[in-house]
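Q: Following this message is one structure expressed as structure tokens.
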Amino acid sequence: MKLVPYLLPLLIATSIARAQPTNPLPLWPDGAPGALGKADQDIPTLTAYFPDPNQASGAALIICPGGAYGKLAPHEGKNYALWLNTQGVTAFVLKYRLGPDGYHHPSMFLDGTRAIRLVRAYAAEWKLDPKRIGIMGSSAGGHLAATLLTHFDAGQTNAIDPIERQSSRPDLGVLCYAVITMGEKTHRGSKQNLLGNNPSPELVKLLSNELQVSKETPPCFLFHTSEDTTVSVENSLDFASALHHAGVLFDLHIYEKGNHGMGLGSREYDPEKMHPWTKDCSLWLKAQGFTK
């Protein structure tokens with residue numbers, strides 16, 4: 001596949017300094033569909049973090065930070081990427097569009113699907129396996145990840161843009177204290193920012209991802225804490241139940257302790273303060289063939 005010019009700076013950067021973040025890469029060189037302007041908030045991007053080449057497994061995860069669809073929490077983006085790099089996994093932090101900037105569904109969803117297609121399209125150039133491209137998200141970012149896990153397509157075979165020919169189906173998902181439903185147990189701020197005022201019952205159902213699971217949904221790792229007072233643990237329990245009934249493999253961990261938004265265990269990247277979920281997730285990623 002011939003590289004388009006806007007990808008060249010990324011490839012140059014990654015060849016010079018692995019394990020360092022690249023410059024943010026716009027998902028659409030000519031502007032995102034439905035963009036309201038050309039300011040920073042109107043340009044969804046991916047920032048790549050590549051592991052040491054000697055440790056790289058060839059797998060990748062696209063990370064959706066949380067923030068109630070109103071902001072993007074840095075510790076649920078960069079920190080996750082740094083941690084994944086220690087596992088040999090290439091990480092891409094997604095900057096998706098947000099409610100306070102005038103965006104609602106499907107803008108965030110389009111950003112996520114484009115990110116998956118783009119990484120898969122350039123897998124060979126980035127030394128990645130196109131069949132090991134996963135999605136990861138926390139809180140509202142977990143809702144976006146769950147949406148991508150339950151609403152995907154095989155790509156447009158005849159698309160002029162070669163990126164759009166790629167499948168948007170993730171090969172697995174990692175959901176961290178995720179918002180799953182837009183129904184009774186939802187996080188109200190996330191719902192407001194995503195769907196706006198007075199969304200139709202049909203839209204609420206469509207974006208209640210526990211209702212959208214099928215046998216084609218990819219395997220998932222989910223964790224939550226029972227003391228989370230921001231996003232009810234029932235979000236993860238209901239999604240896991242739906243996966244079970246659909247026959248989809250999953251790994252569910254409900255911990256007693258841990259506040260909402262805890263990330264890896266603290267707001268700063270500190271290998272000495274990792275929550276137990278990181279160890280459990282590492283074991284699961286290895287079982288899925290995403291790590292060596």
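Q: Suppose we filter segment 265-292 for residues that are under 20 Å from T229 (Cβ atoms), surrounded by 15 or more Cβ atoms within 10 Å (Cβ to Cβ) and of a type outside the set (F, W, Y); how many remain?
A: So the answer is 3.
Q: Would you please name the residue that is farthest from G137 (Cα to Cα), looking only at residues in segment 207-236 that are in contact with a helix residue (DSSP H, G or I) (Cβ under 9 Å, 6 or more places away or on another chain) and of a type in the set (A, V, I, L, M)?
A: Step by step, filter segment 207-236, then rank; the result is L211.
Q: Could you list, in sequence order, the residues of segment 63-78 that are crowded, with 24+ Cβ neighbours inside 10 Å, not in a loop (DSSP other than H, G, I, E, B) and not acidic (D, E)?
A: I63, C64 - these are the residues of segment 63-78 that are crowded, with 24+ Cβ neighbours inside 10 Å, not in a loop (DSSP other than H, G, I, E, B) and not acidic (D, E).
Q: For M262, all conditions in the list (1) touching a Gly at 6+ places or on another chain (Cβ under 7 Å); (2) within 13 Å of E76 (Cα to Cα) hold save one; what is the number of the exception?
A: Among (1) touching a Gly at 6+ places or on another chain (Cβ under 7 Å); (2) within 13 Å of E76 (Cα to Cα), the lone unmet condition for M262 is (1).
Q: I've got another one for you. Whether any residue in segment 282-290 is free of Cβ contacts under 8 Å to residues at least 60 places away in the same chain, closer than 25 Å to T86 by Cα and among the aromatic types (F, W, Y) is what I want to check.
A: No: segment 282-290 contains no residue that is free of Cβ contacts under 8 Å to residues at least 60 places away in the same chain, closer than 25 Å to T86 by Cα and among the aromatic types (F, W, Y).
Q: Right, here's the next one. Among the charged types (D, E, K, R) and surrounded by fewer than 20 Cβ atoms within 10 Å (Cβ to Cβ): does that describe K191? Reasoning before the result, please.
A: Working: among the charged types (D, E, K, R): yes; surrounded by fewer than 20 Cβ atoms within 10 Å (Cβ to Cβ): no.
Taking the combined requirement at face value, the residue does not satisfy it.
Per-residue answers, yes or no, for (1) under 19 Å from the mean Cα position of the chain (by Cα); (2) among the small types (G, A, S); (3) in a helix (DSSP H, G or I):
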{"position": "E164", "(1), (2), (3)": "yes, no, yes"}
{"position": "V174", "(1), (2), (3)": "yes, no, no"}
{"position": "K205", "(1), (2), (3)": "no, no, yes"}
{"position": "T217", "(1), (2), (3)": "yes, no, no"}
{"position": "N235", "(1), (2), (3)": "yes, no, yes"}
{"position": "S241", "(1), (2), (3)": "no, yes, yes"}
{"position": "D251", "(1), (2), (3)": "yes, no, no"}
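Q: OK, next. Can you name every residue in segment 80-120 that is under 22 Å from W277 (Cβ atoms) and assigned to a helix (DSSP H, G or I)?
A: Step one: of segment 80-120, the residues under 22 Å from W277 (Cβ atoms) are 80-94.
Y80, A81, L82, W83, L84, N85, T86 - these are the residues of segment 80-120 that are under 22 Å from W277 (Cβ atoms) and assigned to a helix (DSSP H, G or I).
Q: Within segment 18-38, work out how many residues are among the aliphatic types (A, V, I, L, M) and over 19 Å from P106 (Cα atoms).
A: Just the residues of segment 18-38 that are among the aliphatic types (A, V, I, L, M), to begin with: 19, 25, 27, 32, 35-36.
Filter again for over 19 Å from P106 (Cα atoms), leaving 19, 25.
So the count comes out to 2.
Q: Look through A246, A154 and report the one residue that is more than 22 Å from T113 (Cα to Cα), hydrophobic (A, V, I, L, M, F, W, C), out of contact with any Asp or Glu (no Cβ under 8 Å at 6 or more places or on another chain) and free of Cβ contacts under 8 Å to residues at least 60 places away in the same chain.
A: Of A246, A154, the one residue that is more than 22 Å from T113 (Cα to Cα), hydrophobic (A, V, I, L, M, F, W, C), out of contact with any Asp or Glu (no Cβ under 8 Å at 6 or more places or on another chain) and free of Cβ contacts under 8 Å to residues at least 60 places away in the same chain is A246.
Q: So which pairs qualify, if the first residue must be in segment 181-202 and closer than 18 Å to T150 by Cβ, the second must be acidic (D, E), the Cβ gap must be under 6 Å, and the two must be at least 6 apart or on different chains?
A: T181/E210; K185/E234
Q: Which condition number does P162 fail, the rest of (1) crowded, with 18+ Cβ neighbours inside 10 Å; (2) in contact with a Lys or Arg (Cβ under 9 Å, 6 or more places away or on another chain) being met?
A: It fails just one condition, (1).
Q: Among the residues of segment 10-25, is there at least one that is at pLDDT 95 or above, surrounded by 11 or more Cβ atoms within 10 Å (Cβ to Cβ) and in a strand (DSSP E or B)?
A: Here is the first cut: in segment 10-25, the residues at pLDDT 95 or above are 24-25.
Okay, now just the ones that are also surrounded by 11 or more Cβ atoms within 10 Å (Cβ to Cβ), so 24-25.
With the extra rule that they be in a strand (DSSP E or B), the set shrinks to 25.
Yes, because at least one residue in segment 10-25 is at pLDDT 95 or above, surrounded by 11 or more Cβ atoms within 10 Å (Cβ to Cβ) and in a strand (DSSP E or B).
Q: Still on this structure, please answer the following. Of all residues in segment 79-89, which are buried (at least 18 other Cβ atoms within 10 Å of the Cβ), over 13 Å from the mean Cα position of the chain (by Cα) and not hydrophobic (A, V, I, L, M, F, W, C)?
A: Those that are buried (at least 18 other Cβ atoms within 10 Å of the Cβ), over 13 Å from the mean Cα position of the chain (by Cα) and not hydrophobic (A, V, I, L, M, F, W, C): N79, N85, Q87, G88.
The values are calculated or read from the model by the stated rules, or taken from the named source; none is laboratory data. Just so you know, these numbers come straight off a predicted model, no measurement behind them. Every residue, glycine among them, receives a Cβ derived from its backbone with ideal geometry; neighbour counts consider all protein chains shown.
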